[in-house]
Amino acid sequence: MKGNCVGNGNRFLFYVMIISAVASHLLILHCIVIGMGGYRNISQGMDKDSYLGILFVFHSLASLFMMANLGFQTYLISNNLTTNEFWNWKRYHHFHAYSHTYPLVFRNPFDGGVLANWKQFLLVQLGQCPPKFSHRHYN
């Protein structure tokens, strides 16, 4: 695949990085709340420690973004898709299905079910089966 920084070789590491980023943001949020005087005092205002308030807002937004990214990557793995295939499925004819009511409908020929998709994802990363991307040809 061209122009893709998260390819077949590092997809598992990318997923682990997102999990660790979510965990570290949540840990930092917990430490900030404790530093502000505990969970009971957070609603009384942040004038005393305004820099902690700024950090709290930043890490809250960052953790929401990372959790959304984690959810999206989990969805892609569960459906045996790549990010490129998800966003650009109309470019690839093997994702096209036609119906009487809609001219173009998404069909995933690589989806083997959630458990089979996760098994394949993990086994590819352990080197015990060939990657699913080897038979996909993109223009």
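For F86 and V57, what does the FRET efficiency come to when R0 = 41 Å and r is the distance between their Cβ atoms, rounded to the nearest 0.05? Approximately 0.85, to the nearest 0.05.
Per the 1.4 Å probe, what fraction of the accessible area of the range 54-110, in percent, lies on carbon and sulfur atoms? Whole-percent figure for carbon plus sulfur exposure: 70. What the phi angles of the range 59-67 give under the Karplus curve with 6.51, -1.76 and 1.60, with θ = phi - 60°, is a coupling list of 6, 5, 5, 5, 5, 5, 4, 5, 5 Hz, glycine and proline written as x. Sequentially through the range 81-88, phi angles give Karplus couplings (6.51, -1.76, 1.60; θ = phi - 60°) of 10, 9, 4, 4, 5, 5, 7, 10 Hz, Gly and Pro residues having no value and appearing as x. Here the label points at N69 and F12, each 7 Å from Cα along the C-beta direction, are separated by 2.1 nm in the simple model. For H96, the residues whose modelled amide H falls within less than 5 Å of its own, excluding neighbours fewer than 5 places apart on the same chain, are R107.
The values are calculated or read from the model by the stated rules, or taken from the named source; none is laboratory data. Worth saying up front: this structure is predicted, and the values here are computed from it rather than measured. Quick reminder, even Gly has a Cβ in these numbers, built from the backbone with ideal geometry, and neighbours come from all protein chains shown. For the accessible areas, the whole protein counts, side chains as well, though only heavy atoms, and no ligand, DNA or RNA atoms are used. Shrake-Rupley method; radii C 1.70, N 1.55, O 1.52, S 1.80 Å.
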